[in-house]
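Student: Handing you a structure now.
The values are calculated or read from the model by the stated rules, or taken from the named source; none is laboratory data. Nothing here was measured: the structure is a model prediction, and the numbers come from that model. When we count neighbours, we look across all protein chains shown, and the Cβ atoms used for this are built from the backbone with ideal geometry, even at glycine.
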Amino acid sequence: WRPDDDDDQQRRGAAGPVKVRVPAKINLHLGVGPVRPDGYHELTTVYHAISSYDELTARRGDTLTLTMAGEGTGELALDESNLVIRAARALAAYAGVPAHARLHLRKQIPLAGGLAGGSADAAATLVACDTLWGTNLSREELAAIAAGLGSDVPFLLHGGTALGTGRGEAVSPVLARPTTWHWVVAAADGGLSTPAVYRELDRLRAERDAPAPLGSPDSLLAALRQRDPKVLAAALGNDMQIAALSLRPSLAATLAAGEAAGALASIVSGSGPTCVFLAADEGHAGRIAAELASSSVCRTAYPAYGPVPGARVV
Ligand code: C5P
């Protein structure tokens, strides 16, 4: 970028605000392997994007600023450590443009909840700034920048249902018959640190206090090809659940309350503490959510469906 390119840059891209909506993710299968030399765990996971959204709006500005509203306001640092700011800077550096934007984040996805909210916001920022700045990168280029920001970020560009390997950043879509699955999301008070949950899993495994790691995701992938939620319920699995329960024993009551309310399956989402429940249909999800929301086993509960697309301009 050279100063005389500035006018050109202003002519490219969007003059008005760019609004991007991005979903939360859950993991239908989360198989955690051994720690790699780089400190990450080898994963085999099936990601699933659900209809619980954050929204990022990008406007032209003379510097880079971030404001927010909703979940986590006052708790989430809005400085250079924020994944939104890091994503904007990473895109600007890659594309060779100034990182000038006024960003506003409207959060609905809980912080540190196991729903990849921070990663979702990073993905939304890449899509919003790419449009605002007119840099028009390919999906592959955006995915490569996304992988540098966090293991879940490439999936949140993508959305839908997808297989994740490596440390989670290598994503390939799962071809399944178009079926909508109905879930209930139960958010907890307070978050769990993802690295802490991974460390707890390593500790439990070293002490032989953890069940055998999940095998291949084949039965889950086969279940997705059928339309029976009972079959899907039996195939869900999360190696991190035991570690999340160890750090937050009260989640056992949340999981049990979902089953008592009639859910077909109850699982911890990712590294937790959010729990998700599979319902038979939309009405069933609404009833389970109402029952959990009026109980004391979670902070809030709401229905959601999936799969939905990843970060998109709306
Ligand atoms: O990739 P991301 O920055 O989202 O990961 C956050 C942390 O979670 C990592 O620093 C690491 O401690 C842990 N992690 C891991 N193995 C993975 C993904 C994440 O140990 N595959």
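Student: Taking strands (runs of 3 or more DSSP E) that do not extend beyond the stretch 143-231, which have at least 1 residues that are more than 24 Å from E259 (Cβ to Cβ) and touching a residue at least 60 places away in the same chain (Cβ under 8 Å)?
Tutor: 161-165, 170-173
Student: Looking at this structure, is A128 buried (at least 21 other Cβ atoms within 10 Å of the Cβ), within 16 Å of the ligand (Cβ to nearest atom) and closer than 17 Å to R312 by Cα?
Tutor: The answer is no for A128.
Student: If you check A146, A186, which single one turns out to be within 17 Å of Y94 (Cα to Cα) and surrounded by 16 or more Cβ atoms within 10 Å (Cβ to Cβ)?
Tutor: A146
Student: Something else now. Would you please list the contacts, defined by Cβ atoms under 7 Å and residues six or more apart or on different chains, that run from a residue in the stretch 36-56 that is more than 15 Å from H158 (Cβ to Cβ) and in a strand (DSSP E or B) to a residue that is away from the ligand (no atom under 12 Å from the Cβ) and among the basic types (K, R)?
Tutor: Y53/R21; D54/R106; D54/K107; E55/K19; E55/R21; E55/R106
Student: Considering only the stretch 57-82, state which residues are among the polar types (S, T, N, Q), free of Cβ contacts under 8 Å to residues at least 40 places away in the same chain and assigned to a strand (DSSP E or B).
Tutor: If the condition is that a residue be among the polar types (S, T, N, Q), free of Cβ contacts under 8 Å to residues at least 40 places away in the same chain and assigned to a strand (DSSP E or B), then T65, T67 are the ones that fit.
Student: Select, from R177, R167, the only residue that is modelled with pLDDT of 95 or more and among the charged types (D, E, K, R).
Tutor: Within the list R177, R167, the selection yields R167.
Student: Given the options T179, T165, T194, name the one that is more than 16 Å from the ligand (Cβ to nearest atom) and either surrounded by 14 or more Cβ atoms within 10 Å (Cβ to Cβ) or not charged (D, E, K, R) (or both).
Tutor: T179
Student: Same structure, new question: Consider R86 carefully, then state whether it is in a strand (DSSP E or B) and surrounded by fewer than 21 Cβ atoms within 10 Å (Cβ to Cβ).
Tutor: When the stated conditions are applied, R86 does not pass them.
Student: Collect the residues in the stretch 89-116 that are touching a Leu at 6+ places or on another chain (Cβ under 9 Å) and either in a helix (DSSP H, G or I) or outside the structural domain of H29 (by TED's automatic domain parsing) (or both), keeping them in residue-number order.
Tutor: Within the stretch 89-116, R89, A90, L91, A92, Y94, A95 qualify.
Student: If you take the residues in the stretch 243-271 that are within 16 Å of the ligand (Cβ to nearest atom) and within 17 Å of L292 (Cα to Cα), which one is farthest from the chain's Cα centre (by Cα)?
Tutor: Among those residues, the one meeting the criterion is V268.
Student: While we're here: If you go through the stretch 1-34, how many residues are more than 17 Å from G114 (Cβ to Cβ), in a strand (DSSP E or B), at pLDDT 95 or above and not basic (K, R)?
Tutor: Number satisfying all stated conditions: 3.
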